[in-house]
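Just so it is clear, none of the values below were taken in a lab; they were calculated from the coordinates. It should be emphasised that the depicted structure is a prediction, and the values quoted were computed from it without experimental measurement. Every residue, glycine as well, gets a Cβ built from its backbone with ideal geometry; the counts of neighbours run over all protein chains shown.
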Amino acid sequence: MVAMEDLLRRIAGVEATSGLAEVLDKRADIFEMTQESHDAALMPADPGGISHAERAALACRVARLTDAPDFATHYEDLMSKAGAVGTTARIVDLEFLGGDDTRLAALIRHVDLIANDPKSATGDAIEALKGAGISEPDIVRLSELVAFLSYQLRVAAGLKLMRVLT
Amino acid sequence: MKTLHDFTTTVPAWKPHVAPLDLAKATVAQLDALKVTPSNQKVSDYVLVLAHDVETLKVRTPLFNAIMYNRGGLSRAERELGAVSSSVVNRCIYCAAVHASRYNQLAREGTTIAEIFARGANAKLEPRLAAIFNFATRLSQSPPTADSADIAALVDAGLNPDEILDLVLSTSLFGWANRLMHTLGEPIEA
């Protein structure tokens, strides 16, 4: 697996010998913990009710929603490694809203809302997840996944803009 | 209890939409991540909600502290301003209150936050703070809209690359925090 530090640097186009790489090295602890957060959100030892394949597919969907094709490619790769098939593989299609699968439809609706328009979220969004049978621990796991991705995508966007500086 | 919808520097209470973890039923891993000991049983409802995903919580806490409090780079006050900018975009009233009040304490002034809360993205600020607020606001949009002109404005305002990296990190961190605090519960009158 590509380390997160390398992933962020690769996606942001940070050359190993550049001045920007030296700036990032001063915050090496942060980039290491970002990697650990990625692993905890995407590939936890205890995934609860949301499988590694579903997490990778939802991450790819968030990347597409957020106009981050380079991350979408990374998460597609993670999806195939996790063996995403059937409706799980369809999650990455932004037109697919879960079909007849009420659990999947609830997951997708929530991910789209939190990734794109978190300010509009109210208690009703959480009630909808509970109504679709999603457990409370899984609601927190899903929220952490989308929230982490939102952080990761923004760090990469910022690093890309910083390339001109050094 | 009344749900708060307007920005304030008075830190509200927070009412969870998901049941906080029952400490009596916590696993060893959860107690470890929460740093609960016989002499320390005080854990906020917010952290007890997050403890349902203990693997993420365990790394997020030190990551949060490193981004907001580590040495060098951007001043603590200006990192708080990055946090506030994100919280305003995402309308996380609770996060905005906590980090606006910290900004005011650290910067020893209240006019910047008052202007941001009153006028949002149209706030008129002194040049360095305006460059920080504008960049952080645009990085927080979904998708982010920050561009090379925003970075040039940060450079013109005197920020060096170390400081700009810390601003990217603190602003992005609140893209994460807002999506937990604002969606898993709501701010109510304290």
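Here the stretch A:4-165 has an Rg and Dmax of 16.4, 52 Å, counting Cα atoms alone. With axes computed from alpha carbons, what is the tilt in degrees of helix A:52-65 against the longest principal axis of chain A, rounded to the nearest 10 within 0 to 90? Its long axis makes an angle of about 70 degrees.
Can you give the average number of partner chain beta-carbon atoms within 10 Å of each beta-carbon in peptide A:50-57, as a whole number? Averaged over the peptide's residues, the number is 0. Our compactness index for the protein assembly as shown, the C-alpha radius of gyration over the empirical 2.2 N^0.38 Å, is 0.95. In plain terms, if you count all Cα to Cα distances in the stretch B:142-187 and split them into 10 Å steps from zero, the share in each step is 23, 42, 24, 11 percent.
In whole angstrom, the stretch A:73-128 maps to an equivalent ellipsoid with semi-axes of 23, 14, 9, each derived as √(5λ) from the alpha carbon gyration tensor and ordered largest first. For A:Ser135, the shell of other residues with beta-carbons less than 15 Å away shows a net charge of -4, using +1 for Lys and Arg and -1 for Asp and Glu. Between amide H atoms placed 1.01 Å from N, distances below 5 Å from B:Trp14 occur with B:Ile188, all of them 5 or more places distant or on a separate chain. Summarising the amide proton neighbourhood of B:Gly185: residues at separation of 5 or more, or on other chains, whose placed amide H is nearer than 5 Å comprise B:His17.
All other residues whose Cβ lies under 10 angstrom from that of A:Met43 are scored, Lys and Arg at +1 and Asp and Glu at -1, for a net of 0. At each listed q (0.17, 0.18, 0.21 Å⁻¹), what is the log10 of I(q)/I(0) that the Debye formula gives for the stretch B:9-144 modelled as equal alpha-carbon point scatterers? Listed by q, the Debye log ratios stand at -1.00, -1.06, -1.24. Computed from the alpha carbon atoms alone, the convex hull of the stretch B:74-178 holds 85 Å³ per residue.
Whole angstrom only: what separates the Cα centroid of the stretch B:1-27 from the Cα centroid of the stretch B:67-138? Cα centroid to Cα centroid, the span is 23 Å.
Computed over the stretch A:31-116, the quotient of the alpha carbon radius of gyration and 2.2 N^0.38 Å is 1.03. The string of couplings for the stretch A:135-152 from the Karplus curve (6.51, -1.76, 1.60, θ = phi - 60°) is 6, 4, x, 5, 4, 5, 4, 5, 5, 4, 4, 5, 5, 4, 4, 5, 5, 4 Hz, one whole number per residue in order, with x for Gly and Pro.
Couplings 3J(HN,Hα) of the stretch B:90-96, computed from phi: 8, 6, 8, 4, 5, 4, 4 Hz, in residue order, whole Hz [Karplus 6.51 cos²θ - 1.76 cosθ + 1.60, θ = phi - 60°; x for Gly and Pro].
A cut-off under 13 angstrom between Cβ atoms defines the neighbours of A:Ala106, and their net charge, with Lys, Arg +1 and Asp, Glu -1, is -4. Using the Cβ-Cβ distance between B:Ala149 and A:Thr87 with R0 set to 35 Å, the FRET efficiency from 1/(1 + (r/R0)^6) comes to roughly 0.25. Normalised by the number of residues in chain B, the average gap of Cα pairs under 8 Å and 6 or more apart makes the relative contact order 36 percent.
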